[in-house]
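Working notes, beginning with the structure itself.
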Amino acid sequence: MTPPKPVQRWQADDYAVKGRFVSELARPVLDLLAPRPGERILDLGCGDGVLTQEIADARRRRAWRRFERGGVAAAAAKGLKVQKVDGHALPFEDEFDAVFTNAALHWMRRPEHVIAGVHQALRPHGRFAGEFGGHGNVAAIATAIRAVGALHGGDPDKVAPWFFPSVAEYRRLLEQGGFAVKAIILVPRPTPLDIGIRGWLETFGRSFFEQFEEPERAEVFSEVIELLSPALCDADGVWTADHIRLRFSAERAG
């Protein structure tokens, strides 16, 4: 059965404040990409364009596509070349030397379609490098949301609308999709949250909480936060998200 399509709305200004840590922690992924002079690079799932701008500034060449309206507007405002497309159905063929992606693939729950589109978009021996949520990512957060959602009769499809594969699973998908895997690891990355857990939930769990009307929504927030506090909030009131990232680099065979 095809997994239900996640329903997650993004607001560029909200993401720029509450999701800035996503791009700030991505330096190792950019190093893994290692852009070369004159290359055409596709940034798949580019958010508000901060990392894409870094790639463009470094190599002065870029091709960047995004499939979500808020991200498109923010990226276009930076003067970047943007296009709204579905990450499961990329329309490009033999156009790019590399495809880069950060913190986006876990929102695309048909990974075999994504990988096939990337393979088609790349030139022979083109590179595919990125990072996204891996097996065990935000396990505590997802468990708390699942428990509270069940108590309130929430839609289970909206509890954890993510794809968090193991190393073995994603390696297999890449190899079946025509890629030679160069590197692939899980990276535990506990992330202190300047925005607190409420800010994280409002930004990345929007699809779950919006199914409830007030005042029930406020109760759901409070119950989730209460469940998470012993595990993710320290004695000084600092919240830390239990992030685990899957980082990979692969090359299109042939």
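The values are calculated or read from the model by the stated rules, or taken from the named source; none is laboratory data. Model, not experiment: these values are computed from the prediction. As a convention, Cβ positions derive from the backbone with ideal geometry for all residues, glycine included, and neighbour counts pool all protein chains shown.
For every residue, the table says whether it meets (1) farther than 24 Å from N102 by Cβ; (2) hydroxyl-bearing (S, T, Y); (3) crowded, with 20+ Cβ neighbours inside 10 Å.
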site	(1), (2), (3)
A140	no, no, no
V148	yes, no, yes
H152	yes, no, no
D157	yes, no, no
F164	no, no, yes
A168	no, no, no
Quiz item: In this structure, is G178 at positive phi and surrounded by fewer than 16 Cβ atoms within 10 Å (Cβ to Cβ)?
Solution: no
Exercise. For residues that are of a type in the set (A, V, I, L, M, F, W, C) and within 23 Å of L32 (Cα to Cα), tally how many sit in the range 231-248.
Key: 3
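Restricting to the range 120-132, what's the tally of residues that are in contact with a strand residue (DSSP E or B) (Cβ under 9 Å, 6 or more places away or on another chain) and either surrounded by fewer than 20 Cβ atoms within 10 Å (Cβ to Cβ) or among the aliphatic types (A, V, I, L, M) (or both)?
Step one: list which residues in the range 120-132 are in contact with a strand residue (DSSP E or B) (Cβ under 9 Å, 6 or more places away or on another chain), which gives 121-132.
Within this subset, residues satisfying the condition of being either surrounded by fewer than 20 Cβ atoms within 10 Å (Cβ to Cβ) or among the aliphatic types (A, V, I, L, M) (or both) are 121-125, 129.
Residues meeting the conditions: 6.
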Quiz item: Filtering the range 209-254 down to residues that are in contact with a Lys or Arg (Cβ under 9 Å, 6 or more places away or on another chain) and within 30 Å of H119 (Cα to Cα), which residue is surrounded by the most Cβ atoms within 10 Å (Cβ to Cβ)?
Solution: A250
Quiz item: Which residue pairs have Cβ atoms closer than 6 Å, lie 6 or more positions apart in sequence or on different chains, and pair a first residue in the range 33-52 that is at pLDDT below 85 with a second residue that is part of a loop (DSSP other than H, G, I, E, B)?
Solution: G38/R61; G45/A104; G49/K78; G49/L80; L51/A26; T52/C46; T52/L80
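Test I195 against the stated conditions and say whether it is touching a residue at least 60 places away in the same chain (Cβ under 8 Å), touching a Lys or Arg at 6+ places or on another chain (Cβ under 8 Å), aliphatic (A, V, I, L, M) and under 18 Å from S229 (Cα atoms).
Details: touching a residue at least 60 places away in the same chain (Cβ under 8 Å): yes; touching a Lys or Arg at 6+ places or on another chain (Cβ under 8 Å): yes; aliphatic (A, V, I, L, M): yes; under 18 Å from S229 (Cα atoms): yes.
When the stated conditions are applied, I195 passes them.
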Quiz item: Restricting to the range 220-254, what's the tally of residues that are more than 23 Å from the chain's Cα centre (by Cα) and of a type in the set (S, T, N, Q)?
Solution: 2
Quiz item: Going by the structure shown, is E175 among the acidic types (D, E) and in contact with a strand residue (DSSP E or B) (Cβ under 8 Å, 6 or more places away or on another chain)?
Solution: yes
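Residue by residue, here is whether (1) touching a Cys at 6+ places or on another chain (Cβ under 8 Å); (2) more than 23 Å from P35 (Cα to Cα); (3) at pLDDT below 95 holds:
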{"residue": "K78", "(1), (2), (3)": "no, no, yes"}
{"residue": "F100", "(1), (2), (3)": "no, no, yes"}
{"residue": "L105", "(1), (2), (3)": "no, no, no"}
{"residue": "P111", "(1), (2), (3)": "no, yes, no"}
Exercise. Check A144 against each of (1) under 21 Å from the mean Cα position of the chain (by Cα); (2) modelled with pLDDT of 95 or more; (3) closer than 27 Å to H88 by Cβ; (4) not acidic (D, E) and name the one condition it does not meet.
Key: (3)
Quiz item: Here are A241, A180, A218: which of them is over 22 Å from V148 (Cα atoms) and either in contact (Cβ under 8 Å) with a residue 24 or more places away in the chain or of a type outside the set (D, E) (or both)?
Solution: A180
Quiz item: Restricting the range 190-219 to residues that are in a helix (DSSP H, G or I) and among the small types (G, A, S), which is farthest from the chain's Cα centre (by Cα)?
Solution: A218
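Return the residue satisfying two criteria in turn: it lies in the range 154-170 and is part of a loop (DSSP other than H, G, I, E, B), within 20 Å of F221 (Cβ to Cβ) and touching a residue at least 24 places away in the same chain (Cβ under 8 Å), and of such residues it is nearest to the chain's Cα centre (by Cα). Lay out the reasoning, then the answer.
First pass over the range 154-170, keeping only residues part of a loop (DSSP other than H, G, I, E, B): 154-155, 159-166.
If we keep only those that are within 20 Å of F221 (Cβ to Cβ) as well, we get 154-155, 159-162.
Okay, now just the ones that are also touching a residue at least 24 places away in the same chain (Cβ under 8 Å), so 154-155, 159, 161-162.
Values: G154: 24, D155: 22, V159: 16, P161: 12, W162: 9 Å.
Of everything passing the filter in the range 154-170, W162 is nearest to the chain's Cα centre (by Cα).
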